[in-house]
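First up is the structure itself, then whatever we jot down about it.
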Amino acid sequence: MSNPIILGIETSCDETAVAILNGEKIAHLFSSQIEIHKQYGGIVPELACRSHIETIAPLYRKILSVSGCAQDQINAIAVTAGPGLVGALLVGVSFAKSLAYALRVPLLAVHHLEGHISAIFLEHEEVVFPAIALVVSGGHTNLYKMPQKGKYHLLGKTLDDAAGEALDKGARLLGYEYPGGPVMDRLSQKGDRMRYPFSTPNCAGLHFSFSGVKSALSRLISKTDDSTKSDLGFHADISASYQWAIVESLVQKTILAAKQENAKSLIIAGGVAANSLLRKRMKAAGEQFGFAVHIPSREYCTDNAAMIAMAGLSRFERNDFASLDVSPNPNLSLGQI
Ligand code: KG4
Ligand code: ZN
């Protein structure tokens, strides 16, 4: 089959997302739960699960009409099987299994981070391997060596918070709602990072750690007087230096990994890859040290189902199908499926 039509489903966290991948054509939709969770300052798993249940079927019907694809044209169903919130994953996996059974089409179980990395192939990027993939999201900060497409060796990861989590918590300390990463991105554009410089986190080998810089931010905010704290200029300057420290650490470790592993290219994926400074600094570093840098368009960086359909397509081409008794695994590691 030259161009199979793949339905992608993603429900691992706080976004219900569906997509139809049909050769060059991509249709994708998502329903964000941010409004539900932001009053709690983070994701409430029980509420996430309930919202996925309410949203998944209507969203599926909508993607069929948006894409112009009839249900019986779908050739395979790709779904995130882990990692993520178990109840949230269960909704997507159960829906995908039922549909695969009813339509008599194969099921493709996808690892969420493989989905993020696969986003780069939605835009037909020609990646030269070996590559280093940095996956930076709200739950992960992982560095992989990819000797070829579909093969991953973990080189380093965060020992405490993920980069997105550190940005979200930093923004929260300044009084902003979840998710704080995009807020910090916006505030930093007008900020002076030299006014409150933080040292760049440095951890052993190719690992990351962001708890030190987060504590430094917290200490600085608590010893700042109230009138300064309410000044938008303070928010902008402090965000700029906090974000700079986190981004520098990501760039330095990625370049170190690329040099050590004689990589040809860098792939930067996950929600934090939407960050303006990270995109700019990573491209500049790639140019300086001679690595091709691939970063998906912003719309494919944060959680979406087009990336899951794309990862599913690679599995479909390898005849790597899941059985209908597959269960979601909240702690799934890359390479386990
Ligand atoms: O990949 P993702 O959508 O979900 C997970 O798999 O975790 O990533 C969400 C994370 C959040 O921490 C959010 O604050 C961060 O990505 N994020 C950003 C930006 N857009 C999303 N962080 C910095 N700058 C952005 N523009
Ligand atoms: Zn994600």
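The values are calculated or read from the model by the stated rules, or taken from the named source; none is laboratory data. As the structure is a computational prediction, the values presented were derived from the model and not from experiment. Because the Cβ atoms are built from the backbone with ideal geometry, glycine has one as well, and the counts that use them run over all protein chains shown. We work out accessible area using only protein heavy atoms, side chains counted, and drop any ligands, DNA or RNA first. Shrake-Rupley method; radii C 1.70, N 1.55, O 1.52, S 1.80 Å.
Per-structure values
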item: Search result, residues across segment 252-307 that are more than 13 Å from ligand 1 (Cβ to nearest atom) and among the β-branched types (Val, Ile, Thr); result: 254, 255, 267, 293
item: Selection from segment 35-64 of residues that are assigned to a helix (DSSP H, G or I) and surrounded by fewer than 14 Cβ atoms within 10 Å (Cβ to Cβ); result: 35, 39, 40, 46, 54, 57, 58, 61
item: From the options 277, 256, residue that is in contact (Cβ under 8 Å) with a residue 60 or more places away in the chain and either of a type in the set (A, V, I, L, M) or out of contact with any Leu (no Cβ under 7 Å at 6 or more places or on another chain) (or both); result: 277
item: Those residues of segment 283-316 which are touching a helix residue (DSSP H, G or I) at 6+ places or on another chain (Cβ under 7 Å), closer than 24 Å to residue 29 by Cα and open to solvent by 50 Å² or more (accessible area, probe 1.4 Å), in sequence order; result: 298, 302
item: Number of the condition not met by residue 137 [criteria: (1) near ligand 1 (Cβ under 10 Å from one of its atoms); (2) at positive phi]; result: (2)
item: Members of segment 319-337 found to be farther than 24 Å from residue 154 by Cα and either touching a Ser or Thr at 6+ places or on another chain (Cβ under 8 Å) or of a type in the set (D, E, K, R) (or both), listed by number; result: 325
item: Odd one out for residue 109, checked against (1) within 16 Å of ligand 1 (Cβ to nearest atom); (2) outside any helix (DSSP H, G or I); (3) crowded, with 23+ Cβ neighbours inside 10 Å; result: (1)
item: Considering residues of segment 1-34 that are part of a loop (DSSP other than H, G, I, E, B), in contact with a helix residue (DSSP H, G or I) (Cβ under 9 Å, 6 or more places away or on another chain) and away from ligand 2 (no atom under 15 Å from the Cβ) only, the residue most open to solvent (accessible area, probe 1.4 Å); result: 1
item: Flag for residue 291 being more than 22 Å from residue 174 (Cβ to Cβ), modelled with pLDDT of 95 or more and aromatic (Phe, Trp, Tyr); result: yes
item: Index of the failed condition, residue 319 passing every other in (1) without any contact (Cβ under 8 Å) to a residue 12 or more places away in the chain; (2) open to solvent by less than 50 Å² (accessible area, probe 1.4 Å); result: (2)
item: Unmet requirement for residue 149, which otherwise passes all of (1) within 14 Å of residue 311 (Cβ to Cβ); (2) within 16 Å of ligand 1 (Cβ to nearest atom); (3) open to solvent by 30 Å² or more (accessible area, probe 1.4 Å); (4) not acidic (Asp, Glu); result: (2)
